[in-house]
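Q: Here it is, the structure in full.
The values are calculated or read from the model by the stated rules, or taken from the named source; none is laboratory data. It should be emphasised that the depicted structure is a prediction, and the values quoted were computed from it without experimental measurement. Every residue, glycine among them, receives a Cβ derived from its backbone with ideal geometry; neighbour counts consider all protein chains shown.
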Amino acid sequence: MLRSAVAVAVVSIAAAAASGQIRITEAMSSSLVTPDWIELTNLGSAPVDIAGWRMDDNSLNPAVSVALAGITTIAPGESVVFIESAAGAAIADFRAFWGDLASVQIGFYSGSGVGLSSGGDAVVIFDGSNVEINRVTFGSATSGTSFGYNPLTATFGALSEVGSFGGRTSAGSTPIANIGSPGAIPTPAAAALLGLAGLVAGRRRR
């Protein structure tokens, strides 16, 4: 029985570690063309099962969170996108507007009170047991520009820039072109530096 308990504990720790590698790496609250959207990236070395995961905005409350649907697994180094869209009806238009997203997984969420405010807001992700995985906050938006994640500093909230960490201009431009990097993953150099920083921090804790 002791061996069984240890095995369960090891599995639980491994699952928690894998989940802990998922980060919110982009959010768009000010597009005049597409719905709000968020991006999740797996910064770890193993796939993460996100079935049953949920999101909420600045109430940060799992009781009023809504389901992340349409995607069940995020591979190592993969970035996926979730748009605010009932039943995912706006996914095709989202792909067309941004262009070059054929290989990007796009899911959806919808519900009362989860729209992202252009005046400043937050996003939080919960797993299937309502455990908080990651949260970010951001300030007032600039129309047509997403908030992104800097893998070199592991910080979130700077406005996306063309040519920086995958930032680009959208393919569509009606009524305005948008700047962002949906589906773009950190560059290999940035990811390597981030992994090194985590290793050093872990050694310091010991």
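Q: Does any residue of the stretch 185-197 turn out to be at pLDDT 90 or above and outside any loop (DSSP other than H, G, I, E, B)?
A: No, there is no match, as no residue in the stretch 185-197 is at pLDDT 90 or above and outside any loop (DSSP other than H, G, I, E, B).
Q: Here is a list: Ser118, Ser140, Ser129, Ser110. Which entry is at pLDDT below 95 and over 15 Å from the mean Cα position of the chain (by Cα)?
A: That would be Ser118, the only listed residue that is at pLDDT below 95 and over 15 Å from the mean Cα position of the chain (by Cα).
Q: Show me the strands (runs of 3 or more DSSP E) entirely contained within the stretch 33-87 in which 3 or more residues are in contact with a Phe, Trp or Tyr (Cβ under 6 Å, 6 or more places away or on another chain).
A: Hits in the stretch 33-87: 79-84.
Q: A further question on this structure: Filter the stretch 88-109 for residues that are surrounded by fewer than 13 Cβ atoms within 10 Å (Cβ to Cβ), of a type in the set (A, V, I, L, M) and not in a helix (DSSP H, G or I) and give the result.
A: Result: Ala89, Ala102.
Q: Which residues, counting only those in the stretch 138-157, are outside any loop (DSSP other than H, G, I, E, B) and crowded, with 16+ Cβ neighbours inside 10 Å?
A: Selection gives Phe138, Thr145, Phe147, Gly148, Tyr149, Asn150, Phe156.
Q: Taking the condition of being out of contact with any strand residue (DSSP E or B) (no Cβ under 6 Å at 6 or more places or on another chain), buried (at least 19 other Cβ atoms within 10 Å of the Cβ) and of a type in the set (Ser, Thr, Tyr), how many residues in the stretch 158-170 meet it?
A: Within the stretch 158-170, residues that are out of contact with any strand residue (DSSP E or B) (no Cβ under 6 Å at 6 or more places or on another chain), buried (at least 19 other Cβ atoms within 10 Å of the Cβ) and of a type in the set (Ser, Thr, Tyr) number 1.
Q: Out of everything in the stretch 80-123 that is touching a helix residue (DSSP H, G or I) at 6+ places or on another chain (Cβ under 9 Å) and of a type in the set (A, V, I, L, M), what residue ends up being farthest from Gly148 (Cα to Cα)?
A: Looking at residues that are touching a helix residue (DSSP H, G or I) at 6+ places or on another chain (Cβ under 9 Å) and of a type in the set (A, V, I, L, M), I get Ala102.
Q: Continuing with this model, one more query. May I ask you to list the residues in the stretch 48-67 that are within 16 Å of Ala122 (Cα to Cα) and either in contact with a Cys (Cβ under 8 Å, 6 or more places away or on another chain) or surrounded by 18 or more Cβ atoms within 10 Å (Cβ to Cβ) (or both)?
A: If the condition is that a residue be within 16 Å of Ala122 (Cα to Cα) and either in contact with a Cys (Cβ under 8 Å, 6 or more places away or on another chain) or surrounded by 18 or more Cβ atoms within 10 Å (Cβ to Cβ) (or both), then Arg54, Met55, Asp56, Asp57, Ser65 are the ones that fit.
Q: Also, quick follow-up: All but one of (1) assigned to a loop (DSSP other than H, G, I, E, B); (2) crowded, with 20+ Cβ neighbours inside 10 Å hold for Pro175, so report the exception by its number.
A: (2)
Q: Answer with yes or no whether Phe126 is in contact with a helix residue (DSSP H, G or I) (Cβ under 7 Å, 6 or more places away or on another chain) and buried (at least 21 other Cβ atoms within 10 Å of the Cβ).
A: Spelling it out, Phe126 is indeed in contact with a helix residue (DSSP H, G or I) (Cβ under 7 Å, 6 or more places away or on another chain) and buried (at least 21 other Cβ atoms within 10 Å of the Cβ).
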